[in-house]
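See below for the structure under consideration.
Just so it is clear, none of the values below were taken in a lab; they were calculated from the coordinates. Keep in mind the model is a prediction, meaning the values are calculated, not measured. FYI the Cβ positions are ideal-geometry reconstructions off the backbone, even for glycines, and counts take in every protein chain you see.
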Amino acid sequence: MMEEVYIEGLKSGDQKIFRNIFMMFSARLNYFAKRMLNGRGGTEDIVQNAFVKLWQKREDFDSLPAVKAFLYIAVKNQCLNLYKHEQVELKYKSFGQPEVTDENEAYFIVEAEVLEQVHQAMEKLPEGCRNVLELSYFGEMKNGDIANHLQVSVNTIKTQKKRALHLLRAMLKTTPSWLLLLIGHF
């Protein structure tokens, strides 16, 4: 029922529906693009270009899975084009970019989906727990540095981190654990 509303709204050019679709898929597409580009910047532009293409072809879609597949393919193709362009510019200089294959492309998609689930779960954490996890895992700060930054004790940081991981595990228990192991963040 909800899918029909989204598809009809998309086809008719409803900008509110389009924004909702953007919010639904943009974060995971950014994760995917970052992985495809080996962490380099510019992913926001690539994702936005994919949504521009979606808008231009909005009348061609009959389901949200088709929209999602189109967006992943559009992002993948733009990443590959950027990679090829950089290869030409560098004229055979190696810069460590792994070759994109069907195998690692599927891995990158799974990773993007799981990272989006982790991100959504982190948004639901209490602010203190969320801050500690972000600084620890994404900011790569040590407990002592986090304690100094937040002006709390190291034991408070350890407690917040332990509590945050416990809450995340509970929220993500429906996600198969092998998927979480794939991304290696937790």
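General observations
- Whichever lysines have a C-alpha closer than 17 Å to that of K84, once near sequence neighbours (fewer than 8 apart) are set aside: K34, K76, K93
- For K173, the lysines whose Cα comes closer than 19 Å to its Cα, not counting residues fewer than 8 places off in the same chain, are K124, K161, K162.
- Taking a Cβ cut-off of under 15 Å around T156, the surrounding Lys, Arg, Asp and Glu residues balance to a net charge of +4, with basic ones at +1 and acidic ones at -1.
- Modelled this way, with points 7 Å down the Cα-to-C-beta line, the labels at T156 and E8 are 5.3 nm from one another.
- Stretchable slack from H149 to D45, in nm (0.36 nm times residue separation minus alpha-carbon distance): 34.2 nm
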